[in-house]
Every structure is written in C-alpha cells, then in structure tokens.
C-alpha cells in the first residue's frame, strides 16, 4: 500500500512539475507579430493592347494562322523554364508526395535549381506554433528563386493567431484575416524579385467537415489571386472528386489499371495523386513560361 | 493522443491510479479498467479502429476457446480456420488495395469489375494480428491451457503495446496482470525509461529527421555519393533511435503499471552477422517468425537446401509483414538470402570487428529498400552511390555529431538508464518526482515544433 502510494506520488509530482513549467511558459510565450502594414491594394488593370481594325474580307484560316503566329510570338517572349530557379514551400504535402512529384517534374525540365522545404503540421493560421514569415526570411537569405510554389491549408482549418488575438474559424473576419496572412507571406517573395507565386489549392478530403474548411481556405486564396496579378491559384479540387462531386480515393486509368490517389488519412496524397497535382502545376506554368 | 504529448502524460496519471486501485481491490477491476483505457486510447485515433479491435478480439476468443479443448476432434481444422480468419482481416484491410492495384497494371481486363473500397487501415494492425495468431496457435499447442474473454480483450488491446509492439505472448502478459502485489516495481527506473524514450524521440529523432534526409530517399538522383552514403548511416541511426525509443516508452509505461515486457533491442548494430542481427533487432518479431513460421516449416530439422529455403521464406514474410509494398518484400528476401549466405560462410566470423563492419554496412544498404517508395527509387539510390560529384549537403558537423550521439546511445544506453535510476532512487519520492518532472520539461522545451510519427506506427 505504501509503495503504491509512493509510486503514484512520484508520478503526480512529475506531472505537477511539468504542468507548472508548462503553464508558466504558456503565459509568456505567445509571440507578438504585426501584420503586413500596407492596406490591401487591388492590382492595377492589365495593359490591354489596342487592336487594329480587322479587314472584313479575312478568311477563317487566316484568322487561325494569325492567332497561332501571335501565340507563337508570345510564347517566344516568355522566359524559358530551364532558366529558372524554383522554391517549393509548404506543409507535409510539400515534404511528401506532392512536393516530391512537383520537384521531379521540374527537374525533368532541367530547371536551374529546385529547393524544397516542407514543415509538417504547419500553415498560415498558427504563427505562434511555427512562424513561416521568419523561416521564409531565412530561406531567402541563401536562396533567390524566380518562381515559388506553395501549398498550405491542410492544417489551417482553425483559429488564426493575428494582431495578438485569436480569430475563430466562425468569426466573420476569418476569411479576410487568412487572406491577409497569405498576402503578407507571398509579398515577402515579391519583395525579393520573385516573378510568380503559384499557390496549390486544397483538395476535397474523405471527411465532409474537413472539406468545408478546405473550401473556405481556397475561397480566401481565390479572392487574393483575383487582386494580385502574379499570385496564381491552382485548383486541385476537381482532380480528386468523382462525377457527383464526391471524394475519390481511387481512380482507373484509361488503360484499366487502378491507382490509389490518396493516403490512408484521406487528406494526404500518394505518389500517383501527387503526379496529378504536378500535372496541374505544369499546366499553369506553361501559361507564363516557355517549356 | 500520442505517447510523447503532455495530454498523454496527464492521461496516464489516471490509468496509474485505477491500476493501483485494481491491484489493491480486485484483479478483475484492474483488467477491465485497463481494457477501457486501452480502447479509449485507440478510439482517439479513429472510432472505426475499435470496431476492428472488437472483431479481432471476438474471433480470437472463439477460436482459442475451442482449441483449448484438447479432446475436440477437428482441432487442426479450427486452427487453420482461426489463422485464416485473422489473415483475411489483415489482407482485406492492409494488403487488398496493394494486390489489386499491382495486378491491375498487368491484367486490367480481368480486374475491371473489382471495386476498391476506401477503408482506413487501423494503426498497429500487423502487431494486433500477430498477437492474435500467436494466441490461437499457443492454445492449439497447449502452451496456453485456458483463456478468458477479459484476458483476450486485454491481451490484444493493452495500450502500451497496441501501436507498435513488442509482440508479447499471452501467458507472459496476462500472468503479470493477474498479480496483485505491485510493491516490487522499480517505479523510478521505469519512469526514467519512459522519459528516456521521450527524449530519444523528441530530441534525437527530430534532429535526425531533416528535410534533406527525407529528400535524399525521395529524389536520390539529386545527391552525390557522399550524401547518399551519409544518408543511409543517418537513416540507420534514425530508425534505431525511433523504434527503440518507442520500445523504451512502451516498456517504461508497462513497467510503471507493474508489467515487465520483453525487450525488442540489444545493440543490434554490433551484430557480426545478419542472423545475429535478427537476434538483436525487433526481437519480439524475430521470435514470432521463428516460433510460428520458421519452426513449423521444419526449421533446421530438415535438409540443408530446405532449411535455406525456410529461412528465405520466413524472412520474406517478415519483410512483407512491414507493409504492402514490393520494397518490403525485396528487403525481407535479401535479409533471408544474406542469412543463408552467412551460413554458407561466405564471410567468416574470425575477426569480429570485420564481421560487425560488414554486417552493419549490409544492413544499412538494405534500409534503402525499406525507406524508399518504390523499387525504381531504390535502384536510383544504389546508382547514385557511384555518382562522385562534389556537392555535399548532408556532410555537416551537426550530422556527424548526431551520428556520434547515436553510437553512444546504441552502445551505452542501458548503463545510462541504470546509473540514472540508481541515482534517482537515492532520493525521497518527492524529489524523485521533481527530478523526473524537470527532465520531461527540459525535453519538451528543447524539442522542435513538430516531430515525425513513429516509423513503426504504419505497420
């Protein structure tokens, strides 16, 4: 009896000491941070070249040929993909299959360099847990990318730590706060001469409630992409939904082989799933760069 | 809720109180409270997991009860049925997708009509299944003479061993839980062992688990031979510290509850042959494979060729046990092949140091299959080992220091645990608690924001 009580005592004191230190730390640790001070600016309208009047007698073939020539000329002016340096940052998605497959595709196109850094369980919402702005400064000190590919959101369906207070998920200002976090983060790249930031959108998940969070995050990303010209949103939602719009864990290729697209947790991706996202990224890159 | 969280440490205090009350008042109460806490612990990962655990416990209980009746005529048939039932559950939940997706590449027409089902594989499924099979076979053999429903439920769900072993035997675990005298436990030693496991996981494993180490096994073609070589050594350290850290936590927790569990590691990288390595690495799995696969196949009581074949079959099964992936199969097969080769004594055992050096390097090289996603990536890794360009990313003072720390832990951790335990025991219980609390706090304080999952959770 005495030994038993002593053993329980040892454990409870251990727990008490740990709790005391923990609560002491908690009360002091929430770091302060200031938002990117500039107000949201709607990007200036794109320059639209004046078109010369089209001759009425022109044939369809010549229009097609002309369009092709213009397109070819436009493509010729685009920067070559093989002359670019890429940075891939994000959470476990970038550390895992999605990041690996994007990096592999870029290496196949013989780009100058790819640096990939993924930190699991992190995102834009919890800078008190992991400060991505600080980490980005560190990365940009040693590495100057031309193009940045980002994927965050899987861990962001929660309260945001901003302006020294929590903004809850059901707060009407949550979306705007998240968008400002994204803006603040991506602006760091633009300030460092990055041409474009590509942000991979979140995909549907096995769990309905979780998918709703991802939709909310995607909406904030889409909203920002409409305001900032060089911030490009890449949608992946439809790639992993079936014809009824439901979550798709597997797929069958046109040749008939079956592929598992998603990891066990119904959130992450397998390599086959990562390849689909890499395809989407490459398609978007083709709009701005010469392959 | 993971073992290395503050929440778990608080949760365990409640378990400890109930366990002590059970030992004082009633063994039945002790067992039932442990079952309830174990199921709750498993439920926190996913509700569906407990349905799997319930199903497998009932199947195991039914078959083992039938098999304890030694006068029953169809015992062999029921033994086969019991094993098949457990294996069916294991295959359906863990291997089905792998089998169908692999075969569909070669036979798309035949498999067109088969629909894959989106089921989540329960954590620790391979451990639970192997424990279940061992109990069924032990009742058939007569090693276990009687089973109780409560005991079977507790045996399969016992939370310290639920997620990644050790694969304890029924008699060893249940006989200890049935004891009521907990006064002989060296509580501080087990509490420190738990802290030691948390330290290994949160500090050392987190430091070893870098983006570069991950990347090197994902896209090896990007790296130089020096990096790739260092990568396999770092991974050798990483997997040992990660898995042995889990065992420290598991055995520490069991010990604090008054249950002494078997060890899973005994300085495995000091083995001078592959067969010796398997006597020192994941010992509970090696023993399981020996007792329930290798010996029933004939073991070494058969001709030489058949014996070699048995070894290769047993090790290939041990490989595929790890996961539904061709890499694991090849990994197990090559281990089997190397054991056979060492028996033919291609590399002799005269100079122990040479044996240790060769064995460690072979094991490290084979981790490439274990830690890459596909055979293509594994072969790229091997190809890269002769790519002598001058870019070194992993060759840093930090990584060299980590390797040295890993060697010290590997060789001297038993002494560290003993010395610290003796030191703690010199103080009154109040100061012991303060000491352990400060250790845990320091570990949590020094740990980075995120730590990787235990590698063996996926099995």
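Only the coordinates and a few stated rules stand behind these numbers; no lab work does. Predicted model, so just to flag it, every value in this text is computed and none were measured. Ideal geometry is used to build each Cβ from the backbone, glycine not excepted, and the neighbour counts take in all protein chains shown.
Across all directions, the average flat footprint of the convex hull enclosing the Cα atoms of chain B is 25.0 nm². Note on the range B:374-459: Rg/Rh from Cα positions, Kirkwood definition for Rh, rounded to two decimals, is 1.14. Within 10 Å of the Cβ of each residue in A:182-193, the mean number of Cβ atoms contributed by other protein chains is 0. The alpha-carbon atoms of the range A:125-253, seen along their principal axes, cover 45, 37, 26 angstrom, with the largest extent given first.
Across every direction, the projection of the convex hull enclosing the Cα atoms of the range B:6-86 has a mean area of 7.1 nm². The orientation-averaged projection of the convex hull spanning the C-alpha atoms of the range B:83-206 amounts to 12.0 square nanometres.
The Kirkwood radius of the protein assembly as shown, taken over pairs of alpha-carbon atoms, gives through the Stokes-Einstein law at 20 °C and 1.002 mPa s a diffusion coefficient of 74 µm² s⁻¹.
A Cα-only calculation for the range B:302-456 places Rg and Dmax at 21.5, 62 Å.
Cα centroid separation, the range B:141-178 to the range B:203-267: 27 Å.
With R₀ fixed at 30 Å, the C-beta to C-beta distance from residue B:13 to residue A:242 puts the FRET efficiency at about 0.05. Stretched out straight at 0.36 nm per residue, the stretch from residue B:450 to residue B:47 would grow longer than its current Cα-Cα span by 142.6 nm. Here B:373, A:287 are placed in order of increasing Cβ neighbour count within 10 Å, fewest first, which gives A:287, B:373.
Ranking of A:142, B:186, A:91, A:108 by neighbouring Cβ atoms within 10 Å, starting from the fewest: A:142, A:108, B:186, A:91. Peptide A:252-262 is shielded by partner chain Cβ atoms: per residue, an average of 5 of them sit within 10 Å of its Cβ.
Between residue B:396 and residue B:107, the FRET efficiency from the beta-carbon distance, with R0 = 56 Å, is close to 0.70. Would you list the P(r) distribution for the range B:253-393, with all Cα-Cα distances sorted into 5 Å bins from 0 and each bin expressed as a whole %? Pair shares across the bins are 2, 9, 15, 19, 19, 15, 10, 6, 3, 1, 0, 0. Over the Cα atoms of the range B:24-150, each weighted equally, I'd like the Debye log10 I(q)/I(0) at q = 0.17 Å⁻¹, rounded to two decimals. Values returned for q = 0.17 Å⁻¹ are -0.97. Approximating the spin labels as points 7 Å out from Cα along Cα→Cβ, the residue A:170-to-residue B:92 distance works out to 3.9 nm.
For the range B:231-295, the square roots a ≥ b ≥ c of the C-alpha gyration tensor eigenvalues yield an a/c of 1.5 or more together with a/b not exceeding b/c, which makes the shape oblate. Placing one equal scatterer on every Cα of the range A:184-274 and applying the Debye formula, the log10 ratio I(q)/I(0) at q = 0.24 Å⁻¹ is -1.15. A simple spin-label model places the labels of residue B:99 and residue B:143 2.7 nm from each other, with each point 7 Å out along Cα-to-Cβ. Look at A:148, A:260, B:152 and count the other Cβ atoms within 10 Å of each Cβ; fewest to most, that gives A:260, B:152, A:148. At q = 0.20, 0.27 Å⁻¹ the log10 of I(q)/I(0) for the range A:242-291 amounts to -0.79, -1.03, computed by Debye summation with a single uniform scatterer per C-alpha, solvent ignored. Sorting the segments A:218-225, B:441-448 by their residues' average number of neighbouring beta-carbon atoms within 10 angstrom, most packed first, yields A:218-225, B:441-448.
Once Rg and the Kirkwood radius are both taken over the C-alpha atoms of the range B:319-405, their ratio Rg/Rh works out to 1.03. Mind giving me the nanometre distance, one decimal, between the label points for residue A:143 and residue B:74, set 7 Å out from Cα along Cα→Cβ? The modelled label-to-label distance comes out at 6.4 nm. Under the rule a/c < 1.5 gives rounded, and otherwise a/b versus b/c splits prolate from oblate, where does the range A:76-162 land using the Cα gyration tensor? Prolate is the answer for the range A:76-162, as a/c is 1.5 or above and a/b outweighs b/c.
Mind checking B:187-197 for the average number of partner chain beta-carbons within 10 Å of each residue's beta-carbon? Mean shielding count: 2. Rounded to the nearest 500, the 222 nm mean residue ellipticity of the protein assembly as shown from helices alone is -19000 deg cm²/dmol, with -39,500 (n - 2.57) taken per DSSP H run of at least 4 residues. Beta bridges assigned by DSSP with both partners in the protein assembly as shown are antiparallel in approximately 30 percent of cases. More than 21 Å apart: what percent of Cα pairs in the range B:189-261 qualify? Of the Cα pairs, 39 percent sit more than 21 Å apart. Calculated on the Cα set of the range B:153-283, radius of gyration then Dmax: 17.8, 59 Å. Computed on the range B:271-322, the Cα convex hull volume stands at 73 Å³ per residue. Per residue, the convex hull spanned by the alpha carbons of the range B:129-200 comes to 104 Å³.
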